[in-house]
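Here is the structure we will look at.
The values are calculated or read from the model by the stated rules, or taken from the named source; none is laboratory data. Bear in mind the structure is a predicted one, so any value in this text is a computation, not a measurement. Counting neighbours? That spans all protein chains shown, and the Cβs are built from the backbone with ideal geometry, glycine included. These accessible areas exclude ligands, DNA and RNA; they are computed on the full protein's heavy atoms, side chains included. Shrake-Rupley method; radii C 1.70, N 1.55, O 1.52, S 1.80 Å.
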Amino acid sequence: MDLKTHRDLFVGFFRAGMLGYGGGPASIPLIHKEVVQIYKWMTDEEFNDILALGNTLPGPIVTKMAGYIGYRVAGVLGLINAIVATVLPTVILMIALIGFLASFRDSPVVQGMTKAIAPVVGVMLLALAYSFFKHSQQGLGWSVSIVLGVVSLIAYHFLHVHPALLIGGLIVYALFGKEYVSAEKTGSAGEKGDQGTVGRQGEDKQKDISV
Amino acid sequence: MVYWHLFLAFFIPGTVGYGGGPASIPLIQKEVVDRYGWLTMEEFGELLALGNTLPGPIATKMAGYIGYEVGGLFGAFVALFATVAPSLIAMIFLLGLLNKFKNSPKVKRMTALIRPTIAVLLGVLAYQFFVTSWEGVGMVQTVFLTGASFLLLEKWKIHPAYVILGALVYGALFLS
């Protein structure tokens, strides 16, 4: 058993859980930070798939993500570790502090603290949303991304279509729909490859300069 | 018997509650208050309000606490297991399937196609937090806190831990 991996898993999900105010979904950008940026256990694409699939399934989203990511990183023990790190500290706090909290709930200090967090969580969620959209634009191009985004926005926010239906529908369409995109797809893949090499050349140039 | 009831009470919200933990709160309330009568409506409301002042996912905090009250440590374990396990098992199974076909163009197309939707879901969630803040502390504070946290998080790349702790201190000092 790799102790360091397990310590990282625990620390990563402990931080994400303990810093997430406003329920599980508020922790999503924090989990993204730990999993993709700090520990690099998976790419943005994989995180995207996990978040999307998690949204089509019932139940709390954060424990689904923690459990699955823990499982991917370090098997069943990793799963248990990540779940425990996400859930247990806050449950223990809840059981231990409930009496204390009840007497302080109406204190303006506690309320002020809770209020100050909301915009911070909003910014983190918005940044994550932007990064998804940017990736989407690289894969699908501006027009398709914007159309899909606007349609999703109307369906979800204004028509109140359930997100599980929305994502589920897209998954079914992508997997079983006509393959008319395939030609386009290879085109965009080639494009992406070109961009990659250009990017790399750019980096090389930078290196040359710094050398 | 009590453990079986605890299992059922949290298994049902965990398998039919779509939209993350907060969405399953009314379902939990239905089981805990209406069906099993472990808490009164007032107690449940109070518990929810208190739980929201603490960090972390809300559904598991409620499950852990109510399970503990009803059936001790093992009760807490049963309630947490019932909340977390069913959807997690489904998730592992489905993602396992997906990974098998990772290189198929259809799966790649799927990843690409759902991305704008996920961005919108996150964006709407962000919007809700801004609205909550606007209603709670007004425009000036919301704009200030949003601008400050944007600069700290995105421009200067400060770890969210410090930004969140900073916001808590700011709230305790200036928003109380």
Check your understanding: Where Lys and Arg each count +1 and Asp and Glu each count -1, what net charge lies around B:Ser149 among other residues with Cβ under 15 Å from its Cβ?
Key -> +3
Point to revise | Inter-chain shielding of B:126-139 (mean C-beta neighbours from other protein chains, 10 Å cut-off) | key: 6
Practice item. Compute the normalised compactness of chain B: alpha-carbon radius of gyration over 2.2 N^0.38 Å, N being the residue count. Key: 1.29
Revision key, fill the gap. Expected integer from the mean partner chain Cβ neighbour count at 10 Å over B:20-27 is 6
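Other chains near B:80-89: what is the mean number of their Cβ atoms within 10 Å of each residue's Cβ? Before the final figure, lay out each step's value.
Working: counts 6, 1, 0, 4, 10, 4, 3, 9, 14, 2.
Counting other chains' Cβ atoms within 10 Å and averaging over B:80-89 gives 5.
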Practice item. For the B and A pair, go ahead and give the buried accessible area with a 1.4 Å probe, both sides summed, in Å² to 100. Key: 8500
**Study point:** Ellipsoid equivalent to segment B:33-117 - semi-axes via the Cα gyration tensor, in Å
**Key:** 37, 16, 10
Review point. Quick one: accessible area per residue over the protein assembly as shown, 1.4 Å probe, rounded to a whole number of Å²?
Key: 48
**Study point:** Computed [θ] at 222 nm, helices only, for the protein assembly as shown once each DSSP H run of length n ≥ 4 contributes -39500 (n - 2.57)
**Key:** -27500 deg cm²/dmol
Check your understanding: What percent do you get for the relative contact order of segment A:1-126 when only Cα pairs under 8 Å and 6+ apart count?
Key -> 30
Review point. If you add up the charges near A:Lys40, with Lys and Arg at +1 and Asp and Glu at -1, over every other residue whose beta carbon is less than 12 angstrom from its beta carbon, what do you get?
Key: -3
**Study point:** Note, ³J(HN,Hα) from phi for segment B:135-142, Karplus 6.51, -1.76, 1.60, rounded to Hz, x at Gly and Pro
**Key:** 5, x, 10, x, 5, 4, 5, 4
